[in-house]
1. Return yes or no: is D274 at pLDDT 95 or above and under 13 Å from K85 (Cβ atoms)?
2. Test each condition in (1) among the hydrophobic types (A, V, I, L, M, F, W, C); (2) within 18 Å of the chain's Cα centre (by Cα); (3) at pLDDT 95 or above for L268 and report the one that comes out false.
3. Just give me the residues in segment 189-210 being over 13 Å from the mean Cα position of the chain (by Cα) and free of Cβ contacts under 8 Å to residues at least 60 places away in the same chain, in sequence order.
4. Which helices (runs of 4 or more DSSP H) sit wholly inside segment 219-315 and have at least 2 residues that are touching a Lys or Arg at 6+ places or on another chain (Cβ under 8 Å)?
5. Got a number for residues in segment 128-142 being farther than 13 Å from V115 by Cβ and of a type outside the set (V, I, T)?
6. Can you pull out every residue in segment 114-134 that is at pLDDT 95 or above and under 19 Å from I271 (Cβ atoms)?
7. If the requirement is being touching a Ser or Thr at 6+ places or on another chain (Cβ under 7 Å), more than 30 Å from T165 (Cβ to Cβ) and at pLDDT below 95, which of these qualifies: I82, I137?
8. What are the residues in segment 184-208 that are part of a helix (DSSP H, G or I) and crowded, with 20+ Cβ neighbours inside 10 Å, if any?
Amino acid sequence: MQKKAVWMLPVFILALSAMLFGIASQRDAGQAKLVRVNLASPLVTGSRPEQTAAQPVIRIVLASITSPQEARGYYSDLLKYIGGKLAMPVEIIQTKTYAEANDLVRAGSADVAFVCTYAYTLGHDEFGMKLLGIPIINGQGSYQALIVVRKTSGIEKFAELKGKTFAFTDPLSNTGTLYPLFLVKQAGKTPDTFFSRYFYTYSHDYALRSVADNLADGASIDSTVWDYLSAVNPDLVANLKIISRSPLYGMPPVVVRPGLNRDLQDRLQAILFDMVNDPDGRAILRKLRIDRFGPADDAMYNSVRELAAAVKSHD
């Protein structure tokens, strides 16, 4: 079959002043159009203080669980708090993809990272990314993937998304990509043969907005992001509904690079864990809708590894 020419798909105002544009290609006649959506945003935000022996810098990378604008608002107070407690300047590195965040940690260009569960398992298994802790939300250290559609769509189960347009988040996202790929595989299909079109938004709030704005019929998103946005931006989710929930997975963790000074690791962990006992820390936790930060164990993420293996397995 002849490969058709690549063409541009303009899309208008996906979210929060970010320009959205996509590139779609028809790979084979009768197969889905793969649309890779590029959300124009800087990879690095914040100041870049010079690092000296007298004034070391803690470099914290934010993976794109939410959009750059949403992430800056979400993490700003927390990162200032960490820097203040450490008495060190904080350099914030904001990446568009989870793979970029992992690469920075691997290279030693970031000391701390807020990553997703699948990206963590890859980072741990490939180069020794280390757990620092996890957020405890509503008393739980676990979360789910939620399959979301518009209330007016008439869609009640995942199978009814066959032949529709789907918004994945990031290729290394557990809830935003890995879990829906598993559902597609269970149906005996591939994304190309199950969906008429699919694209990557590189954040969960953009995936939700894609569905709300009728750019996609469905998306799979992180339950903690759904709960947070339901509270702080209820208009975004007002016309959406959840049609399916995944099993529970270990919460997206805070990690550190291999080789980070052990004393600094211990100080970082103590700061996170003790926030709940500090008035300023508690105020930030309430804003983030997090109960507290707590310890994590690598075994918590074995179910994600099993899910990835199932998706990659050949029939």
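The values are calculated or read from the model by the stated rules, or taken from the named source; none is laboratory data. Here the structure is a predicted model, which is why all the values come from computation and not from measurement. For neighbour counting, all protein chains shown are included, and Cβ atoms are generated from backbone atoms with ideal geometry for every residue, glycine included.
1. Details: at pLDDT 95 or above: yes; under 13 Å from K85 (Cβ atoms): yes.
The answer is yes for D274.
2. Here L268 clears every test but (2).
3. Filtering segment 189-210 down to residues over 13 Å from the mean Cα position of the chain (by Cα) leaves 189-199, 209-210.
K189, T190 - these are the residues of segment 189-210 that are over 13 Å from the mean Cα position of the chain (by Cα) and free of Cβ contacts under 8 Å to residues at least 60 places away in the same chain.
4. On the way: elements: 223-232, 234-237, 262-274, 279-288, 302-312.
Qualifying helices (runs of 4 or more DSSP H): 223-232, 262-274, 302-312.
5. Let us first name the residues in segment 128-142 that are farther than 13 Å from V115 by Cβ, namely 128, 136-142.
Now drop any that are not of a type outside the set (V, I, T), which leaves 128, 138-142.
The number of residues fulfilling the criteria is 6.
6. Within segment 114-134, K130, L131, L132, G133, I134 meet the criteria.
7. Working: I82 fails: touching a Ser or Thr at 6+ places or on another chain (Cβ under 7 Å).
Just one listed residue meets the conditions, I137.
8. So the first thing to find is which residues in segment 184-208 are part of a helix (DSSP H, G or I), and the list is 184-186, 191-194, 204-208.
Within segment 184-208, V184, F194, H204, D205, Y206, A207, L208 qualify.
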